[in-house]
Amino acid sequence: MRIAYFSDVFLPKVDGVVTSLVTLSAELGKRGHEITIFCPGPGRGKRIVWGAKNVTVYPVASMPTFYPDFRLGTPSGRFLLRLRELRADVIHLHSPGPLGFEALAGGRLLRIPIVGTFHAYLMEPEYLKIVRLSRFKRVSKTLWRYVIAFFNRCDYVIAPTAFVAEDLRAHGLVKPQRVVSNGVDLSIINGVSAQAVRSVKKQFGLGDAVVLYVGRLSQEKNLTLLIAAFERVARQFPQAQLVFVGDGPMRSRLMRLAKKLQIENRVLFTGQIEHRQLLSSGIYQSSLVFCTPSTSETQGLSVMEAAGARLPIVGANARGVKELVDGNGILVEGDDIRGFSEGIMTFLGSERRRRQASRLSRKMARRYSIDRVAKTMERVYASVIE
């Protein structure tokens, strides 16, 4: 199949949407499909350093926005010419922004079936507070109406979790939809050697009681709570370390908070690690427990990766994350500092609980392997092309 992906976010920006799109594109390209990704250009002085078999990236002109590292693709008739030249069998939209809207128009004009995936709750308070609009319920309602109207113009809609599917339906989605998880490349995670684990521990000075977070360091991820929870953990477990893998606009603020709480020597920021390198580095396998206090996730790719590495999970009892945590971890309300600290300490202090959760994490992760997800997406595309 010839598949055209449209996303308003892409490399070099790194987030769950980008990681999901890169992983799926590479897998489908490996399976012989021709993939073209339409995305905003990275801006002056930057370039997209990534490639995969049968995958072409087509960056369009873009402009900066008020949100750090986020650029908007600008309307252009050239994309329509490119789309016509591709003779795409299906269009798959990954965001309801300007590029997504252009793709809707182009798909209708060229009579190409359109699939859309809902990836992010941009209309909810976790994101609106970044632009100081979280107190205005009318803004949230207006954005919800726009998002539902957008996805109701698709022929088929993908939700990454059952929670999201039900939420979209409750807000007015009427188009056919299916729950299709994001995918994780378990082959890389499973291939990590003992030598790689020793190496990464030496590189970052990691001990034997690492609490790990992987993801963007941004306001909607609720990471100040994690620092506060770890301060309580550090009092009970003098050997414990908190490791943040990733980067983002909250990094300096989190570092200041760690210093204020006098735990700066126990909290490590690795910076951004390229995704494939991250999976093969051994940093997941060097940890004892994975923690995410984010209440904004439609699913949580890093949670799935941590589960693939057999880690116990302490996560927020919210949206998509709660579908990934059962016997393999502990769910805590998103504002409960004490609950998060106690959840972390449960696994740090009990090898039996860690082993039990580890076994269940690995079993759960198999459901989200990228080869299984790609096969499901092939069936979805075939159904809308018919």
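Structure notes:
- If the condition is being of a type in the set (S, T, N, Q) and in contact with a Pro (Cβ under 8 Å, 6 or more places away or on another chain), then segment 41-90 contributes 62, 74.
- Scanning segment 299-318 for residues that are over 16 Å from residue 185 (Cβ atoms) and surrounded by fewer than 23 Cβ atoms within 10 Å (Cβ to Cβ) yields 317, 318.
- Extreme residue, surrounded by the most Cβ atoms within 10 Å (Cβ to Cβ), among residues of segment 58-81 that are among the charged types (D, E, K, R) and either modelled with pLDDT under 80 or farther than 19 Å from residue 17 by Cα (or both): 69
- Qualifying residue in segment 268-282 (condition: of a type in the set (A, V, I, L, M, F, W, C) and farther than 24 Å from residue 362 by Cβ): yes
- Selection status of residue 217, assigned by TED's automatic domain parsing to the domain that holds residue 355 and either free of Cβ contacts under 8 Å to residues at least 12 places away in the same chain or buried (at least 17 other Cβ atoms within 10 Å of the Cβ) (or both): yes
- Matching residues in segment 245-280 - criterion: being crowded, with 22+ Cβ neighbours inside 10 Å, over 14 Å from residue 216 (Cβ atoms) and in contact (Cβ under 8 Å) with a residue 60 or more places away in the chain: 279
- A single entry from 286, 281, 302, 294 fulfils the requirement of being under 15 Å from residue 206 (Cβ atoms), of a type in the set (Gly, Ala, Ser) and in contact with a strand residue (DSSP E or B) (Cβ under 7 Å, 6 or more places away or on another chain): 286.
- From 237, 230, residue being buried (at least 22 other Cβ atoms within 10 Å of the Cβ) and farther than 24 Å from residue 70 by Cβ: 230
The values are calculated or read from the model by the stated rules, or taken from the named source; none is laboratory data. Please read these numbers as outputs of a predicted model, since none were measured by experiment. Cβ: placed from backbone, ideal geometry, glycine included. Neighbour counts: every protein chain shown.
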